[in-house]
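Report on the structure given below.
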Amino acid sequence: MSLTNLKKKIFIQAQRVVPQQQLSRVVGKVAASENPLLKNIVIQAFKTKYGIDMSIAEQQNALKFKSFNEFFTRALKDGIRAIDENENSVVSPADGAISQLGKINEGDIFQAKGQSFSVEKLIGDPQLAEPFKNGEFATVYLSPKDYHRVHMPYAGTLTETLYIPGELFSVNQTTAENIPGLFARNERMVCLFDTDLGRMAVVLVGAMIVAGIETVATGKIKPTGRLELNHHDLELEKGAELGRFYLGSTAVILFEKDKMQWDAAFKANSVVVMGEALGQTI
């Protein structure tokens, strides 16, 4: 076994034994702290490690934020991200990179080499998942350095949110290739919409030390350990803010069959920015 493969194996095994929920709660308390000394140390260390570009932020002085959470979910300056104006376009919901995108094959979504997961498990309800079988999906990964607000890929009316408790594996290329059904196992918030294309879903997937997920309809999620289905009637335009990650992760977009198609220029690992056209309606 090569040194690289050994390191990957150790990393994966560590994921299984680390107390994920407890660690995330501790990190969450630190991230929410407004103690000036603590939050400044954490912000500065994070900013240096990941090379955060504050020039595109509305507030460019990182130490002006009241907490690390406020810094992490910082707004961008007006005009930094333009929403594609083509009425037929489907846009990236976030800054990040394409993990995978393509067709949902008989209800299965491709995760990474040798790995896939069912749309039914991702959505958490067979009836709500049914419209997306044989449809289209795109998985967008938000790295630590990215802007961590998630926006609407296409205009629609939010009809349901479904909170699904789960595990909190780290989300990256290594875990995607080695943790079966990763995105359908982690804690997540499913947002379901009616659109002029039919049903659309945006699934916000949590990860190790993610201190929370927030949506405009539910506020910040307080994990309860049980499924929570809520009904809504909230219209959101393409590009409107849908939610936020506190120590970010992944957004999975789902559409029905034969309603839209992805631009062939986008592949796994393609870098994208919020509002950039990823595909077109059919």
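The values are calculated or read from the model by the stated rules, or taken from the named source; none is laboratory data. Everything quoted here is computed from the prediction, not taken from an experiment. Ideal geometry is used to build each Cβ from the backbone, glycine not excepted, and the neighbour counts take in all protein chains shown. In case anyone asks, the SASA skips ligands and DNA or RNA and just uses the protein heavy atoms, side chains included. Shrake-Rupley method; radii C 1.70, N 1.55, O 1.52, S 1.80 Å.
A few points about this structure:
- If only residues of the stretch 167-216 that are over 15 Å from the mean Cα position of the chain (by Cα) and small (G, A, S) are counted, the one that is surrounded by the most Cβ atoms within 10 Å (Cβ to Cβ) is G198.
- Residue tally, condition more than 15 Å from L204 (Cα to Cα), surrounded by 19 or more Cβ atoms within 10 Å (Cβ to Cβ) and at pLDDT below 95, over the stretch 137-164: 1
- Looking only at the stretch 242-282, and only at residues there that are surrounded by fewer than 16 Cβ atoms within 10 Å (Cβ to Cβ) and among the acidic types (D, E), the one that is nearest to the chain's Cα centre (by Cα): D263
- When each of I43, I83, I52, I56 is tested for being closer than 16 Å to E241 by Cα, of a type in the set (A, V, I, L, M, F, W, C), over 18 Å from the mean Cα position of the chain (by Cα) and surrounded by 12 or more Cβ atoms within 10 Å (Cβ to Cβ), the lone residue that passes is I83.
- Some residue of the stretch 250-257 being assigned to a loop (DSSP other than H, G, I, E, B) and at positive phi: no
- Residue check for Q100: in a strand (DSSP E or B), over 17 Å from Q261 (Cα atoms), open to solvent by less than 50 Å² (accessible area, probe 1.4 Å) and not aromatic (F, W, Y): no
- Residue pairs whose Cβ atoms lie under 9 Å apart, separated by 6 or more positions or on different chains, with the first residue in the stretch 263-279 and among the aliphatic types (A, V, I, L, M) and the second part of a loop (DSSP other than H, G, I, E, B) and open to solvent by 60 Å² or more (accessible area, probe 1.4 Å), are V273/R81; M274/R81; A277/N86; A277/D263; L278/D263.
Results for (1) under 22 Å from E241 (Cβ atoms); (2) aromatic (F, W, Y), shown as yes or no for each residue.
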site: G156; (1), (2): yes, no
site: E160; (1), (2): yes, no
site: Y163; (1), (2): yes, yes
site: F169; (1), (2): no, yes
site: Q173; (1), (2): no, no
site: A176; (1), (2): no, no
site: G181; (1), (2): no, no
site: R188; (1), (2): yes, no
site: F193; (1), (2): yes, yes
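- Contacts under 8 angstrom Cβ, first residue in the stretch 123-136 being within 11 Å of R199 (Cα to Cα) and open to solvent by 10 Å² or more (accessible area, probe 1.4 Å), partner among the β-branched types (V, I, T) and not in a helix (DSSP H, G or I), 6 or more apart: L128/V190
- Here R149 meets each of (1) under 26 Å from F71 (Cβ atoms); (2) touching a Gly at 6+ places or on another chain (Cβ under 7 Å); (3) of a type in the set (K, R) with one exception, condition (2).
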